[in-house]
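Here, each number is a calculation from the coordinates, and none is a lab measurement. Since this is a predicted model, take the numbers as computed values, not measurements. Here the Cβ positions follow ideal geometry from the backbone for every residue, glycine too, while neighbour counts run over all protein chains shown.
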Amino acid sequence: MKVLVINCGSSSLKYQLIDSESEKVLAKGLCERIGIDGRLTYQPEGGEKEVTDTAMPTHKEAIQLVLDALVNEKTGAIASLKEIDAVGHRIVHGGEKFAGSAVINDEMIAAVEECSALAPLHNPANLIGIRACQDLMPGVPMVGVFDTAFHQTMPKKAYLYGLPRKYYTEYGVRKYGFHGTSHSFVSKEAAKFLGLDLNNSKIIVAHLGNGSSISAVLNGKSVDTSMGLTPLAGLVMGTRCGDIDPSIVEFIANKENKSVSEVLNILNKESGVFGLSDGLSSDFRDLGEGAANGNEAAQDALDVFAYRVAATIGSYVAAMNGVDAIAFTAGIGENDKDTRKAIVDYLGYLGVTLDEEKNGLRGENVVISTEDSKVKVAVIPTNEELMICRETVALVG
Ligand code: ADP
């Protein structure tokens, strides 16, 4: 099957056309600045990347441009739109309604709309993308794949907050967790790669990117994860603060005469390693360079990040009463050997030893612990688009 994978944001849209049999990407790209001016990037397999500035007032025009590019006579990846067998859409929040991917129909869309209160910035954008595809590709089966679904297996003790119960029962305030497509993909890949039986395994996945989260995956199911009601919780991230004492919100609001939403904006966009490094950067390459040049704030940011990751890993070892494997993934997890080392250096008590040479390797799946390490540590590149393709085929293939 040829599956078009769509990841729709409020003013951007990423896409990949994937052949599900070979799992090859036939074409990929993105639309940016939708509703502003518009820029289309398109790259066929093995071909040059083309960037075109072109008007896209709404997501519908953006998707039309993607479809035109896919069937372009010279550079198109397919001869006709009839070759697109299905569309897989990323959807951010499925609340408690979706514990897995779902075929898109009117009832399903109504349920996603109900979850929009929990992700007011993301779900409406995802729905716009779905509706535009339905208009332009009538009759083509479509599937929604949720960031939250994989974590729906968490037990109550992991997802309930210590708040008045009515906030959960009436408003759905609880831990949901995100990056579920990545945690699901990487835990399965890690088990396969390391020769573990997924159904009888304890795996911790550290998805460390601009947004970061960790999950505890017991026998193939998520039993805890570090993000919460929203992706602001848990680890210190690029610009998000992660877990903090909630009283800080009022404290800063009073000190700086700000509203709650202004403070939350700071917690989302000006905090994390960016804030800790005094605004130097949210990018770990810049922080590494800064720290190497003696910038104390950059070093602090790196230290806090690694410490929090290691402490969270420790708590998930406790939650699962052990761990067989730890998998690093996403931008930092896949590329930053110094941060991986800083994290793994805390894990000696688990009998983990790092193979420094292997830790320097880049690319595909790689084990970075020594042969005699009691817990296997691996780098497993994530591939959320491929996971969305697989889920789509599983439901409509
Ligand atoms: P997103 O959450 O936006 O998908 P990514 O998973 O792509 O984020 O991660 C992006 C981050 O990965 C960058 O901000 C940077 O901190 C880090 N990163 C990417 N490449 C490297 C590298 N070679 N060395 C260190 N850090 C890197």
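Laid out as a table, the results:
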{"read-out": "Long-range HN-HN contacts of LEU354 with modeled amide H, under 5 Å", "value": "THR370"}
{"read-out": "Angle in degrees between helix 59-70 and the longest Cα principal axis of the chain, rounded to the nearest 10", "value": "80 degrees"}
{"read-out": "Ascending count of other beta-carbon atoms within 10 Å, so fewest first, for ILE84, ILE91, ILE34, ILE109", "value": "ILE109, ILE84, ILE34, ILE91"}
{"read-out": "Straight-distance crosslink candidates among aspartates and glutamates, where the alpha carbon sits under 15 Å from LYS157 and sequence neighbours closer than 8 are dropped", "value": "ASP224"}
{"read-out": "For ASN254, net neighbour charge (Lys/Arg +1, Asp/Glu -1) across residues whose Cβ lies under 15 Å away", "value": "-2"}
{"read-out": "Other-chain or far-sequence residues with amide H under 5 Å of ASP224's (modelled H)", "value": "ALA216"}
{"read-out": "Paramagnetic label zone (point 7 Å from Cα along Cα-to-C-beta, ASN265; backbone N under 17 Å) in the range 214-242", "value": "239-241"}
{"read-out": "Alpha-carbon centroids, the range 9-52 and the range 340-397: separation in whole Å", "value": "27 Å"}
{"read-out": "Cα-based Rg / Dmax (Å) for the chain", "value": "21.4, 62"}
{"read-out": "Label zone at TYR307 (point 7 Å along Cα-to-Cβ), backbone N below 19 Å, the range 215-243", "value": "234-243"}
{"read-out": "Environment charge at GLY129 (Cβ cut-off 12 Å; Lys +1, Arg +1, Asp -1, Glu -1)", "value": "+3"}
{"read-out": "Amide H contacts under 5 Å for THR54, placed H, 5+ residues apart", "value": "ARG39, LEU40"}
{"read-out": "Reach of LYS24 by Cα under 18 Å, taken over aspartates and glutamates that are not fewer than 8 positions away in the same chain", "value": "GLU45, GLU48, GLU83, ASP85, GLU189, GLU364, GLU384, GLU385, GLU391"}
{"read-out": "Relative intensity, log₁₀ I(q)/I(0), of the range 77-210 from a Debye sum that treats every alpha carbon as a point, q = 0.17, 0.18 Å⁻¹", "value": "-1.02, -1.08"}
{"read-out": "FRET efficiency estimate (nearest 0.05) - Cβ-Cβ, ASP278 to ALA394, R0 51 angstrom", "value": "0.60"}
{"read-out": "Out-of-range pairs (alpha-carbon distance over 21 Å; input LYS156/LYS221; LYS166/LYS255; LYS28/LYS74)", "value": "LYS166/LYS255"}
{"read-out": "Hull volume in cubic angstrom per residue (convex hull over the Cα atoms of the range 2-146)", "value": "98 Å³"}
{"read-out": "Cβ-based net charge around ILE91, under 15 Å, with every Lys or Arg adding one and every Asp or Glu removing one", "value": "-4"}
